[in-house]
Amino acid sequence: MSRRLVVGVTGASGSVLALEVMRQLADASVETHLVVSRGAHASIRHELGVDGLVRLEGLAAHVHAPDDLAAPVASGSFRTGGMIVVPCSMRSLAAIAHGFGDNLVTRAADVTLKEKRRLVVAPREAPLHEGHLDTMLRLARMGAVIAPPVPPFYTRPETMEALVREIAARLVNWAGIDPGGRLTRWGE
């Protein structure tokens, strides 16, 4: 499996999860190709501060503009081990599920699916209506891993950082990369 992953960040709440996923992938020496949607910029600024985007991009091996549909990650011939979309807005989820590659995040996800590579999406919305659920089911049937960032309380996290680290480790693990000791495994 390739040690190269695409990471898409969309406008849903959860930028802290994207930052931790990028940290863990950098620590695992994974070559990351980061794409931050236009809608994510405001969420990142609000949740991570004015330097949030710079910190996120600083962890990436490569950063691609969200409208650059000529970027390598827009082509199936560019080999990757897959893609994580964290957080994944419902708009992006629907676009991915219906092959509407109107920006680089949704195009790269579409390529990931068509090439039968691992796609992990972390949808951030609550409550969910039938349309959201139908879209998630559609993506699951296409082979995507639908991974809402649900806290694993059995790990008894003592801080918000520990909780975020654990959720991010699960996303990284589902993308096929071993997060090491960041992931609490039942019975270990």
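Quick look at the numbers
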| item | result |
| --- | --- |
| Filtered residues of region 13-29 (kept if among the hydrophobic types (A, V, I, L, M, F, W, C), in contact (Cβ under 8 Å) with a residue 40 or more places away in the chain and open to solvent by 20 Å² or more (accessible area, probe 1.4 Å)) | VAL16, ALA28 |
| Near pairs, Cβ below 7 angstrom, 6+ apart or cross-chain, from region 44-60 (more than 16 Å from THR32 (Cβ to Cβ)) to any residue that is surrounded by fewer than 18 Cβ atoms within 10 Å (Cβ to Cβ) and of a type in the set (Lys, Arg) | LEU48/ARG55; GLY52/ARG45 |
| Residue tally, condition out of contact with any Asp or Glu (no Cβ under 7 Å at 6 or more places or on another chain), of a type in the set (A, V, I, L, M, F, W, C) and under 22 Å from VAL172 (Cα atoms), over region 30-72 | 11 |
| Leading residue by the ranking (farthest from HIS129 (Cα to Cα)) among those in region 86-111 that are open to solvent by less than 10 Å² (accessible area, probe 1.4 Å) and of a type in the set (S, T, N, Q) | THR106 |
| Considering residues of region 137-171 that are within 24 Å of SER92 (Cβ to Cβ) and over 15 Å from the mean Cα position of the chain (by Cα) only, the residue modelled with the lowest pLDDT | PRO151 |
| Single match in THR32, THR10 (criterion: buried (at least 23 other Cβ atoms within 10 Å of the Cβ) and β-branched (Val, Ile, Thr)) | THR10 |
| Qualifying residue in region 160-171 (condition: touching a residue at least 60 places away in the same chain (Cβ under 8 Å) and of a type in the set (Asp, Glu)) | no |
| Residue list for region 35-63, filter: within 17 Å of ALA74 (Cα to Cα) and surrounded by 20 or more Cβ atoms within 10 Å (Cβ to Cβ) | VAL35, VAL36, SER37 |
| Pair list, Cβ < 8 Å and 6+ apart or interchain, from region 118-142 residues that are on the phi > 0 side of the Ramachandran plot to residues that are of a type in the set (Phe, Trp, Tyr) | none |
| Members of region 150-175 found to be in a loop (DSSP other than H, G, I, E, B) and surrounded by fewer than 19 Cβ atoms within 10 Å (Cβ to Cβ), listed by number | VAL150, PRO151, PRO152, ARG156, PRO157, GLU158, THR159 |
| Considering residues of region 176-188 that are assigned to a helix (DSSP H, G or I) and in contact (Cβ under 8 Å) with a residue 24 or more places away in the chain only, the residue most open to solvent (accessible area, probe 1.4 Å) | ARG182 |
| Qualifying residue in region 121-129 (condition: open to solvent by 20 Å² or more (accessible area, probe 1.4 Å), in a loop (DSSP other than H, G, I, E, B) and within 20 Å of SER37 (Cα to Cα)) | yes |
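So that you can scan it fast, the table gives a plain yes or no per residue for (1) at pLDDT 95 or above; (2) part of a helix (DSSP H, G or I); (3) farther than 24 Å from ALA162 by Cβ:
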| position | (1), (2), (3) |
| --- | --- |
| SER2 | no, no, yes |
| LEU19 | yes, yes, no |
| THR32 | yes, no, no |
| VAL35 | yes, no, yes |
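The values are calculated or read from the model by the stated rules, or taken from the named source; none is laboratory data. Since the structure is predicted, the reported quantities are computational estimates derived from the model, not experimental observations. Glycine gets a Cβ as well: all are built from the backbone with ideal geometry, and neighbour counts include every protein chain shown. Side chains are part of the model used for accessible areas, which takes the heavy atoms of the whole protein and leaves out ligands, DNA and RNA. Shrake-Rupley method; radii C 1.70, N 1.55, O 1.52, S 1.80 Å.
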